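Chemist: So that we are looking at the same thing, I have put the structure below in structure tokens.
The values are calculated or read from the model by the stated rules, or taken from the named source; none is laboratory data. These numbers come from a predicted model, not from an experiment. Heads up, the Cβs are rebuilt from the backbone with ideal geometry, glycines too, and the neighbour counts pull from every protein chain shown.
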Amino acid sequence: MPDLLNIGGSGVLAHQRLLVTTGNNISNVNTPGYSMQRTEYQPEITGGVGRGHTNRVINQFAQQSVWRTTSDYDEKKSYLDRISEIDKVVSDDSLSLNPNLDKTFANIHAMNDTPLSTSTRALTLNGFNGLLRRFRLLDNQFANQQRHFNGELKEKVDTANKLISSLQDMNVQIMSHHNSPEQGTMATLKDKRDKAIHELSKIIKIHTIDQTNGAKLVFMKNGHALVTEKNHATLDLRPGNPDPTQQEVYLDWNTTEAKMNPGQLGGAIDGLLVYRDSVMNPSRNRLGQIALTLTDAFNRQNHLGMDMEGHLGGDIFSLPKFQGLAFKKNQGDGKVTAEVIPGKSNQLTRYNYLVKFDGGSSFTVQRLDGNKVVGEAVKGTTSNDFEIDGLRLNVSSGGYASGDKFLLRPAHEAARKVQLTMTQPEKLAVAAPVRVDEDIHNISDAKITLSSVTNTGAGSGFEAPGKLNIHSPQRIEVNKDNGYDIYDEDGHKLATVPVTDDGRNILAQAKLNPGYDVSISGQAKPGDVFTIRYNTEGYSDNFNGLKLADLQQKATVRKGLANDQESDQMTFNDAYTSMVTFIGGHTSEARLDTAAAKSLKTQSENWAKSISGVNMDEEASNMVRFQQAYAASAQVIGVAQKTFDSILNALR
């Protein structure tokens, strides 16, 4: 009975291998990345069991679904982790800008209550310094996150490159043993390769294609090849162009390279890049816009008052100048700088500006919100002064080649670059620079008031350090025809306007613009005289201090590019609240997106696990069944042996 012996022997060997496979499954039930294995046999035509093959139990659709949903989840999670950090900072009351703004204006109100007190003025000046410290503290949060961001981005790129390289190595090993039975080392190697692909999918979004030779080709979401049978690409992290701190990701393949923009990579890297470009940098710009607008507004208003030394007010703060960042491919040696036009900070935006030269004397300026174009491009020439959105661009003639580009980011680091330059509390211009009075001999009870001061600089009726020039309106008389005659210091008549019930802004009615205006209330009579003079020793006056305080409620910060300037402005507090809302809104959206992505990822993992995961109940059942079959096969061998012995004994 040699056939019976062979049949029993093949059965023993087959079920021994089945027991080994089952035992291996049980041993690796908690091994990450392990795929359940199954050994399958075909019957031999001559009887017994044929040669078996051990295969991993894999469903490619389930596997691809896990990798795809893992990429989506890690992209959302990476974005959420970063934005949650800055959301906690800007929404923390102890770190918020608004309490400092409120305290600053409370100090100004206290100064207005006692304008002769140097201590309340000093308190106001210290409050300004504290406000700038808060601006710097908040800006440092963005700067620190930028540094941490670059470190994390490098870590992700380095990890991705190691995984990509290892995948190509494993492809080579698997291809060289492709025709051998898939057991032991081969199954483990394929599990290891799939695990590496899973880890890579956390960093960048990928899809794979199986080859008949056992290789697995790996591609990025945009179709770029990462791993082939005999080669692989490399991700390269490079200094940004034109800003080296804004690192960029490139894909290198042999001698070719391609820049990877946000949205092309997927995974955790894309989450980081999208956060940087769509939230972190725009938020930092918003903070800088508030800082520039606020400091320029205070400077402007202080210029319109008189300090305790009797001089016209000066700057409280210094604002930075902005150096345009030249792109690497620029051929010319020209430079572009910009500065805030004093008094025009209400026109400033949070945008960056791309300046591009055509090779001649002309250039275009395009607003950018991150990577998005905003509004229409504006043309300019090097031969003329160029102004845009409250900025004056300084462009020297010559030195620019066609295609040369510069990036201006006025608001980007402005929150830490504005400085407090005023050191003497006495320099705060609380008083009005103009004093108005009614002549004691006036017949009527009409009153004159200073209605506004709009300019104390060039083109105004003022002269530094503190007086009215002789040609400015300084006397108003009511003539016999019931008109207002307006005279300068030397008695030259400048204009005449009729006396009306509405005596507001008389100088404006007379088409005069000395930088100040007055209003007369009540019914003035012929012969009445009203005087306008420099406010010498008028230190107890708080006219301009009240204007400084009014800045708290004045819509000064620009929202966007709306044509209606009034509807396009908001207060300093509202501007900061808008920034907090911008970040908070994106954070809430990110939480929802991450939760949804996690749910899809869990579903995919459960699907794959139901197919490839080890089921202990099933394996225990198989173990009993294979043990019984193994014992039965051994009995077949025993029966064959006894039968053979009986035949031998019969022949003796």
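Chemist: Could you identify the single residue in Lys259, Lys205 that is surrounded by 15 or more Cβ atoms within 10 Å (Cβ to Cβ), at pLDDT 90 or above and not assigned by TED's automatic domain parsing to the domain that holds Lys329?
Modeler: Lys205
This table checks each residue for (1) surrounded by fewer than 17 Cβ atoms within 10 Å (Cβ to Cβ); (2) on the phi < 0 side of the Ramachandran plot; (3) at pLDDT 80 or above.
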{"site": "Gly8", "(1), (2), (3)": "no, yes, no"}
{"site": "Asn28", "(1), (2), (3)": "no, yes, yes"}
{"site": "Gln42", "(1), (2), (3)": "yes, yes, yes"}
{"site": "Gly47", "(1), (2), (3)": "yes, no, no"}
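Chemist: With (1) at pLDDT 95 or above; (2) touching a Ser or Thr at 6+ places or on another chain (Cβ under 9 Å) as the list, and Asn302 as the residue in question, which single condition is left unmet?
Modeler: (2)
Chemist: Do we have any residue at all in segment 137-156 that's more than 26 Å from Val249 (Cβ to Cβ) and surrounded by 15 or more Cβ atoms within 10 Å (Cβ to Cβ)?
Modeler: The answer is yes, given that some residue of segment 137-156 is more than 26 Å from Val249 (Cβ to Cβ) and surrounded by 15 or more Cβ atoms within 10 Å (Cβ to Cβ).
Chemist: Right, here's the next one. Show me the strands (runs of 3 or more DSSP E) found entirely inside segment 193-248 where at least 2 residues are within 27 Å of the chain's Cα centre (by Cα).
Modeler: Those strands (runs of 3 or more DSSP E) span 234-238.
Chemist: Please give the number of the condition Met306 fails out of (1) closer than 23 Å to Gln419 by Cβ; (2) touching a Pro at 6+ places or on another chain (Cβ under 6 Å).
Modeler: Among (1) closer than 23 Å to Gln419 by Cβ; (2) touching a Pro at 6+ places or on another chain (Cβ under 6 Å), Met306 violates only (1).
Chemist: Looking at Thr587, Thr602, Thr594, Thr581 in this structure, which one is of a type in the set (Val, Ile, Thr) and over 30 Å from Thr70 (Cβ atoms)?
Modeler: Thr581
Chemist: Okay, next question. Identify all residues within segment 115-124 that are assigned to a helix (DSSP H, G or I) and surrounded by 20 or more Cβ atoms within 10 Å (Cβ to Cβ); write none if there are none.
Modeler: Thr120, Arg121, Thr124
Chemist: Regarding segment 185-194, can at least one residue be identified that is among the polar types (S, T, N, Q) and touching a Ser or Thr at 6+ places or on another chain (Cβ under 7 Å)?
Modeler: no
Chemist: Would you pick out the residues in segment 106-158 that are β-branched (Val, Ile, Thr) and in contact with a strand residue (DSSP E or B) (Cβ under 6 Å, 6 or more places away or on another chain)?
Modeler: Val157
Chemist: Could you count how many residues in segment 573-587 are touching a helix residue (DSSP H, G or I) at 6+ places or on another chain (Cβ under 9 Å) and without any contact (Cβ under 8 Å) to a residue 12 or more places away in the chain?
Modeler: Final tally of qualifying residues: 0.
Chemist: Could you list all residues from segment 59-108 that are surrounded by fewer than 16 Cβ atoms within 10 Å (Cβ to Cβ), touching a helix residue (DSSP H, G or I) at 6+ places or on another chain (Cβ under 8 Å) and not in a helix (DSSP H, G or I)?
Modeler: Result: Asn59, Asp93, Leu95.
Chemist: Quick check on Ala634: is it surrounded by 12 or more Cβ atoms within 10 Å (Cβ to Cβ), at pLDDT 80 or above, assigned to a helix (DSSP H, G or I) and not assigned by TED's automatic domain parsing to the domain that holds Gly11?
Modeler: no
Chemist: Still on this structure: Evaluate segment 28-44: report whether one residue or more is aromatic (Phe, Trp, Tyr) and in a loop (DSSP other than H, G, I, E, B).
Modeler: Checked against the condition, which is being aromatic (Phe, Trp, Tyr) and in a loop (DSSP other than H, G, I, E, B), segment 28-44 yields at least one hit.
Chemist: While we're looking at this one, here's another question. If I ask for residues that are among the acidic types (Asp, Glu) and within 22 Å of the chain's Cα centre (by Cα), which ones from segment 108-158 would you list?
Modeler: Asp139, Glu152, Glu155
Chemist: Give me the pairs, please: first residue somewhere in segment 297-313 and within 11 Å of Leu548 (Cα to Cα), second residue anywhere and assigned to a helix (DSSP H, G or I) and hydroxyl-bearing (Ser, Thr, Tyr), beta-carbon distance under 8 Å, and either six or more positions apart or on two chains.
Modeler: Ala297/Ser345; Arg300/Ser345
Chemist: Turning to a different aspect of this structure: Here are Thr456, Thr500: which of them is surrounded by fewer than 18 Cβ atoms within 10 Å (Cβ to Cβ), of a type in the set (Val, Ile, Thr) and either at pLDDT below 95 or in contact with a His (Cβ under 7 Å, 6 or more places away or on another chain) (or both)?
Modeler: Thr500
Chemist: Now, a different point. Taking interchain pairs and intrachain pairs at least six residues apart, which have beta carbon atoms under 8 angstrom, with the first residue in segment 93-107 and at negative phi and the second among the aromatic types (Phe, Trp, Tyr) and at pLDDT below 95?
Modeler: none
Chemist: Sort out which residues of segment 516-539 are small (Gly, Ala, Ser) and closer than 18 Å to Gly310 by Cα, and write them in order of number.
Modeler: Selection gives Gly538 alone.
Chemist: So, of the residues in segment 386-423 that are among the β-branched types (Val, Ile, Thr) and crowded, with 21+ Cβ neighbours inside 10 Å, which turns out to be farthest from the chain's Cα centre (by Cα)?
Modeler: Ranking the candidates gives Val395 first.
Chemist: When the residues of segment 439-481 are narrowed to those that are outside any loop (DSSP other than H, G, I, E, B) and over 58 Å from the mean Cα position of the chain (by Cα), which ends up nearest to Phe543 (Cα to Cα)?
Modeler: Among them, the one singled out is Glu477.
Chemist: For Glu618, indicate whether it is surrounded by 14 or more Cβ atoms within 10 Å (Cβ to Cβ), among the acidic types (Asp, Glu) and under 22 Å from Tyr34 (Cβ atoms).
Modeler: Criteria not met by Glu618.
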